[in-house]
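To start, the structure itself, in structure tokens.
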């Protein structure tokens, strides 16, 4: 299952980037220059940046857990790509991840809005788009495929949210993401 989700991560990222490029072509605002390459690079790095959340969790937040030992083995071994996949797969066993929380999604919305309205650097705009794309993909995926993981998005709240509250949060964040993505 995880291998399928990793493939789906890549499909979503490149699909969103392709859709936004097509939009700019049809909107007649497309310019192929170095800024486009910086934007694409920023989006890819921003998308991958969210994976660092599990490393942060393992090394700083909850040291001594099994995943920290796996991270230490990662840098000691020869099978680097296989161990990276293993660590990413184990991130789903971690709780209270900072970036995978509804509060971080709200912070991302504020930062993305300020980036869209105030930053001209295309790498920074792409970076914010990549982070948002990854977070929204994970949230929607958990909403439809993994209800237990969905509850972990709200770990800062001291009560259990109703399904309708989670649904409206997902819809609200998705609509804001679409507006911000077409502006970034």
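The values are calculated or read from the model by the stated rules, or taken from the named source; none is laboratory data. Just so we're clear, the structure is a prediction, and the values are computed from it rather than from any experiment. We place every Cβ from the backbone using ideal geometry, glycine too, and count neighbours over all the protein chains shown.
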Please note which helices (runs of 4 or more DSSP H) are completely contained in the stretch 1-105 and include at least 3 residues that are modelled with pLDDT of 65 or more. 2-26, 34-49, 52-56
Where the second residue is in a helix (DSSP H, G or I) and buried (at least 18 other Cβ atoms within 10 Å of the Cβ) and the first is without any contact (Cβ under 8 Å) to a residue 60 or more places away in the chain and lies in the stretch 116-131, which pairs have Cβ atoms under 8 Å and are six or more apart or on separate chains? 119/125
Which number in (1) at pLDDT below 90; (2) in a helix (DSSP H, G or I) marks the one condition that residue 160 misses? (2)
Return yes when residue 127 is assigned to a helix (DSSP H, G or I), surrounded by 15 or more Cβ atoms within 10 Å (Cβ to Cβ), at pLDDT 95 or above and under 15 Å from the mean Cα position of the chain (by Cα) and no when it is not. yes
How about the stretch 131-149: which of its residues are modelled with pLDDT under 90 and surrounded by 15 or more Cβ atoms within 10 Å (Cβ to Cβ)? 146, 149
